[in-house]
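K.L.:
Shown below is the structure under consideration.
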Amino acid sequence: MKVIALSDLHGYLPEITERVDIVIIPGDIVDLYYQNSTYKSISWFNRIFVPWALDLPCDKVVIIAGNHDFFFQRIVENKFAGKNIGIDDPSEYRNYIESESSWVVQDELILPKKIVYLQDSLFSYGGKTFYGTPWCPDLSRWAFYKSSDDLKKAFNRIPENVDVLITHTPGKNVNNTGVSLQRLDKPEYGSQELTDAVIEKKPKWWFVGHVHSGNHTITDFYGTNVVNVSIKDEGYEAIYGYNVYEI
């Protein structure tokens, strides 16, 4: 099976012409200009991202959220809490949520079948299994933050021996995928809890993002092929592009 993996779009949607089975996006999808507004994020996602994803030359687009994707967390958490998400400008309500291909109904994002959103969940396709989880450490002011204890609980739910693990955060001390190679004065940003889980769960492939200039080379980590697939650098310039992987 051929897949393309690209993370940390931050609103940048590249032209993709290679035909593959699945396009994987490990988070930080929403445009930086809209990330702090729930309904503007929904509008951008529905009107810009969804049509782009539907036009991609693939069968499925598998996405998870990242720490900049506030609206995903607000929709999911408020849905389970039975609350309505706040409206930035009630007069613009209809403009922000309507779309021909995607819809927000009672705080639930309804997606076309081609797009699969994973949040601590498993997806099977073409004989392969994909598991996605968005959680990050050390980012209490951002979306999808969890404490160390809660990260352990979340990452312990990763199934054993999945074909593809998709996380936004890298693991800590995992072949420099969590090291900002453009800013070596910065700390290691990976999650030790995730590293421990991967060593135990042994996925075959592991696609990460979050640290834009982390190691983009496929490397072996305890039998898992791991690679940082961020397409932007630390200055938010799209310099890395994307690659096709045979999984």
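K.L.:
Filter the range 163-196 for residues that are among the hydrophobic types (A, V, I, L, M, F, W, C) and surrounded by 23 or more Cβ atoms within 10 Å (Cβ to Cβ) and give the result.
P.N.:
Val164, Leu165, Ile166, Val174, Val179, Leu194, listed by residue number.
K.L.:
Another one. Tell me, which residue of the range 40-64 that is of a type outside the set (A, V, I, L, M, F, W, C) and open to solvent by 10 Å² or more (accessible area, probe 1.4 Å) is farthest from Lys2 (Cα to Cα)?
P.N.:
My answer is Lys40.
K.L.:
Just to check your reading of the model, which residue among Tyr117, Tyr125 is modelled with pLDDT of 90 or more, closer than 22 Å to Gln35 by Cα and open to solvent by 40 Å² or more (accessible area, probe 1.4 Å)?
P.N.:
It is Tyr117.
K.L.:
How about the range 141-247: which strands (runs of 3 or more DSSP E) wholly inside it have at least 1 residues that are within 17 Å of the chain's Cα centre (by Cα)?
P.N.:
Of the strands (runs of 3 or more DSSP E) lying wholly inside the range 141-247, those with at least 1 residues that are within 17 Å of the chain's Cα centre (by Cα) span 164-167, 205-208, 224-228, 243-246.
K.L.:
Just to be sure I understand, how many residues within the range 1-32 are within 18 Å of the chain's Cα centre (by Cα), surrounded by fewer than 20 Cβ atoms within 10 Å (Cβ to Cβ) and among the hydroxyl-bearing types (Ser, Thr, Tyr)?
P.N.:
Matching residues across the range 1-32 total 1.
K.L.:
Pairs, please: C-beta under 8 Å, at least 6 apart or cross-chain, first residue in contact (Cβ under 8 Å) with a residue 60 or more places away in the chain and in the range 155-175, second of a type in the set (D, E, K, R) and open to solvent by less than 10 Å² (accessible area, probe 1.4 Å)?
P.N.:
Correct list of pairs: His168/Asp28.
The values are calculated or read from the model by the stated rules, or taken from the named source; none is laboratory data. What you see is a predicted model; the values in this text were computed from it and never measured. Note that each Cβ is placed from the backbone with ideal geometry, even for glycine, and that neighbours are counted across all protein chains shown. Accessible surface areas use protein heavy atoms only, side chains included; no ligands, DNA or RNA. Shrake-Rupley method; radii C 1.70, N 1.55, O 1.52, S 1.80 Å.
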